[in-house]
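As structure tokens, the structure follows; a few thoughts come after it.
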Amino acid sequence: MSLQKPRGTQDFLPQDVEKWHYIESKARDICRRFQYNEIRTPIFEHTELFQRGVGETTDIVEKEMYTFLDKSERSLTLRPEGTAGVVRAYVENKLHGAVDVQKLYYMGPMFRYERSMAGRYRQFHQFGIEAIGSADPAIDAEVIALGYLFYEEMGLRNVRVELNSVGTPQCREQYREALRQFFQPNLDKLCKDCQSRFERNPMRILDCKVDGEYCQGAPSILEFLDEESEQHFLKVQQALTAMGIPFNINPGLVRGLDYYTHTAFEYMADGIGSITTIGGGGRYNGLVGQIGGQDKPGVGLGLGLERLLLIMEAQQIGVPPQNPIEIYVVGLGEEAEARATALVFELRKAGISAERDYLQRKMKGQLKAADRLEAAYVAILGEDELARGEIVVKTMATGHQESFALEQFVQQMFVILKSRSPQHL
Ligand code: HAM
């Protein structure tokens, strides 16, 4: 039997990677404008980090982690998400000593042992941001706005922002008690998972895919918010409104991670079967302290990039070619071919993306190849041109042909290509 990739993973071939490059460049650009800087943390961490950070009663920690012992019997885990690692790096590298808010972003693979389906993978990729060091509701709104603008700039239509507040741990304790009272009469009808969630973390029941009918009429977290939480929530809404970001308050929104306080949000879009959440995040005051640092408030988001690509496909959003051939050099005859090899090298040294034939094709075949590869220009060098010290340059979009002196060819192509719009360069 031939070997296949593990379930829930994907190969990305060059035409796919082109889309990834596009998304990544857009993500980097938006982070530049919002002043978030990239951080890179390990793909695996000590298991305890996620147990403490993500939370013992979450599905992620209970059933979805790729945990293994290394050769020294240390328990390590492939990161299921990015926040815990970033917060650990923040503490370990003493970034809390900095005067300013630390605004960080990351992109990379995450791993969760989930039932795989369209939009749900065991290795998937997130673009995430974390702003650590400020409790100002304006930065919650900034984070939500960055995600919203990112989707908008990717061309997505109809992305909805669902917003909730999960308050402080104290409000949540009271809320949990109210939920227990609410679910108690139907406790034996709930699924096995929810029966165990009932004691440990009844808010998770609201997120259950099976027990939806028993959640109807459940009390809302918003009734349990204290004054401080209410004020924070209100200010986030005001800041979003000021930026013109539409949102929908959804008191049933409970995120799958334990570290959230106050703001919790998700981005939703249709187009991937039953999956509608394409990104999410929230505030996590208390997490830095829990991971071992001097306590600092934080807020962030994680956007699933496979889901973004699936929605782009569903909405037929194309990606401009990321590595177009600017010039294809056709050399005909032994001597001209040798010269063409040198010219292609000169063009490349000058910063131009250039290609040539390596399959000994005749003129017609080479022109066809240039056309298929969507080269912007084709330069033709035959024995006759070589004898005259010239090269013929054809503009593929118009069919226009012109002869250049061989000596000046590279320089002239550089000038021509420079004057074209940057997307062709
Ligand atoms: P999360 O909601 O668990 O949050 O994941 C964020 C996004 O990652 C999801 O909305 C989804 O697009 C994508 N995602 C999650 N699991 C999978 C999967 N199995 N397959 C494909 N895509 C998936 C977090 O991870 C938090 N760290 C976000 C955050 C950052 N909160 C504060 N800061």
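Odds and ends about this structure:
- Each stretch of four or more DSSP H residues adds -39500 (n - 2.57); spread over every residue of the chain, this sum gives -11500 deg cm²/dmol at 222 nm.
- Counting beta carbons within 10 Å around each of Val393, Val54 and listing the fewest first gives the order Val393, Val54.
- Among Met65, Met396, Met413, a tally of other beta-carbon atoms within 10 Å of each Cβ gives an order, fewest to most, of Met396, Met65, Met413.
- Cα gyration tensor shape of segment 327-414, rounded if a/c is under 1.5, else prolate or oblate by comparing a/b with b/c: rounded
- Of the peptides 406-412, 360-366, the ranking by mean beta-carbon count within 10 Å, highest at the top, reads 406-412, 360-366.
- Of Gly85, Gly300, Phe12, farthest towards positive along the dipole that unit charges on Lys, Arg, Asp, Glu beta carbons give the chain: Phe12
- Dipole orientation for the chain: of the candidates Gly128, Gly97, Pro320, Pro320 has the Cα lying most toward the positive pole (charges on Cβ; Lys, Arg +1; Asp, Glu -1).
- Rounded to the nearest 20, the size of the Cβ-charge dipole of segment 1-116 about its Cα centre is 240 debye, with Lys and Arg at +1 and Asp and Glu at -1.
- Legend: residue pairs Lys5/Lys94; Lys71/Lys103; Lys19/Lys368; Lys71/Lys192, Cα-Cα distance threshold 31 Å; pairs beyond threshold, Lys5/Lys94; Lys71/Lys103; Lys71/Lys192.
- The chain: C-alpha gyration tensor shape, a/c 1.5 cut-off, then a/b vs b/c: prolate
- Evaluating 6.51 cos²θ - 1.76 cosθ + 1.60 at θ = phi - 60° for every residue in segment 336-344, the Karplus couplings come out as 5, 5, 4, 5, 4, 4, 5, 5, 4 Hz, glycine and proline recorded as x.
- Residues Leu301, Leu309, sorted so that the one with the fewest Cβ neighbours within 10 Å comes first: Leu309, Leu301
- Global geometry of segment 41-192, whether rounded, prolate or oblate, following the gyration tensor of its Cα atoms and the 1.5 cut on a/c: rounded
- Calculated FRET value between Glu383 and Gln35, using beta carbons and R₀ = 45 Å, to 0.05: 0.20
- Highest-fluctuation residue, Tyr377, Tyr148, Tyr260 considered, GNM on the chain with Cα pairs under 10 Å: Tyr377
- Ranked by the mean number of other Cβ atoms within 10 Å per residue, highest first, peptides 32-40, 137-145, 80-88, 11-19 order as 80-88, 137-145, 32-40, 11-19.
- Among His262, His400, His46: highest mean-square fluctuation, GNM of the chain, C-alpha pairs under 10 Å: His400
- Result for the chain in a Gaussian network model with C-alpha springs under 10 Å: among Lys26, Lys296, Lys71, the largest mean-square fluctuation is at Lys71.
- Rounded to the nearest Hz, the phi-derived 3J(HN,Hα) couplings of segment 285-293 under the Karplus curve 6.51 cos²θ - 1.76 cosθ + 1.60 (θ = phi - 60°) are 5, x, 5, 4, x, 5, 7, x, x, where x marks glycine and proline.
- Packing rank of 325-333, 112-120, where each peptide gets the mean count of other beta carbons within 10 Å, highest leading: 325-333, 112-120
Computed from the coordinates by the stated procedures, all read-outs in this text should not be read as laboratory data. Everything quoted here is computed from the prediction, not taken from an experiment. All Cβ positions, even for glycine, are placed from backbone atoms using ideal geometry, and neighbour counts span all protein chains on display.
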